[in-house]
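Participant: Shown below is the structure under consideration.
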Amino acid sequence: MDGRRGDIQAAIIASTVANSQRSKGRALLPKDFIPKWDKPKAMTPEEMWAAAMQANASLGGTVATTTA
């Protein structure tokens with residue numbers, strides 16, 4: 001599941017709370033609170049490896065390699 005349902009549920013609550021606190025102006029709709037997520041671009045295997053190494057390093061990990 002892509003999480004869209006949770007975004008919609010949260011947007012309904014957010015719009016209800018925001019509208020209960022507003023004095024004048026346009027009523028806010030749930031669509032005003034739904035995030036616009038960008039679709040990630042496809043990564044090459046080399047980009048995936050670099051991202052994994054970067055995450056590993058940022059978490060203090062090490063890479064153990066062996067050579068023949």
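The values are calculated or read from the model by the stated rules, or taken from the named source; none is laboratory data. As the structure is a prediction and not an experimental result, all values here were calculated from the model. All Cβ positions, even for glycine, are placed from backbone atoms using ideal geometry, and neighbour counts span all protein chains on display. Surface accessibility is based on the protein's heavy atoms, side chains included, excluding ligands, DNA and RNA. Shrake-Rupley method; radii C 1.70, N 1.55, O 1.52, S 1.80 Å.
Participant: Give me the extension gain from Ala27 to Met53: residue separation times 0.36 nm, minus the current Cα-Cα distance, reported in nm with one decimal.
Facilitator: 4.7 nm
Participant: If you compute log10 I(q)/I(0) by the Debye sum over Cα atoms at q = 0.15, 0.24, 0.25, 0.28 Å⁻¹ for the structure shown, which of (i) -0.53, -0.95, -0.99, -1.10; (ii) -0.45, -1.00, -1.07, -1.28; (iii) -0.72, -1.03, -1.06, -1.15 do you land on?
Facilitator: Here the calculated entry is (iii).
Participant: If you place +1 on the Cβ of every Lys and Arg, -1 on the Cβ of every Asp and Glu, and leave all else neutral, what size is the dipole of the chain about its Cα centre, to the nearest 20 Debye?
Facilitator: Using Cβ point charges on Lys, Arg, Asp and Glu, the chain gives about 600 debye.
Participant: To the nearest 500 deg cm²/dmol, what mean residue ellipticity at 222 nm is calculated for the chain from DSSP H runs of n ≥ 4 alone, each contributing -39,500 (n - 2.57), summed and divided by the residues?
Facilitator: Calculated from helices alone, the mean residue ellipticity at 222 nm is -15500 deg cm²/dmol.
Participant: What is the angle, in °, between the Cα long axis of helix 4-21 and the longest principal axis of the Cα atoms in the chain? Nearest 10 is fine, range 0 to 90.
Facilitator: It is inclined by approximately 40 degrees.
Participant: Could you work out how far apart the two model spin labels at Thr16 and Ile34 are, taking each label as a point 7 Å from the Cα in the direction of the beta carbon, and quote it in nm?
Facilitator: In this crude spin-label approximation the distance works out to 1.8 nm.
Participant: From Cα pairs below 8 angstrom and at least 6 apart in sequence, can you work out the relative contact order of the chain, rounded to a whole percent?
Facilitator: It comes to 26 percent, rounded to a whole number.
Participant: Just the number, please: carbon plus sulfur as a percent of the accessible area of the chain, 1.4 Å probe, no ligands or DNA/RNA counted.
Facilitator: 61
Participant: Per residue, how many Å² of accessible area does the chain show with a 1.4 Å probe?
Facilitator: Heavy-atom SASA per residue in the chain reads 92 Å².
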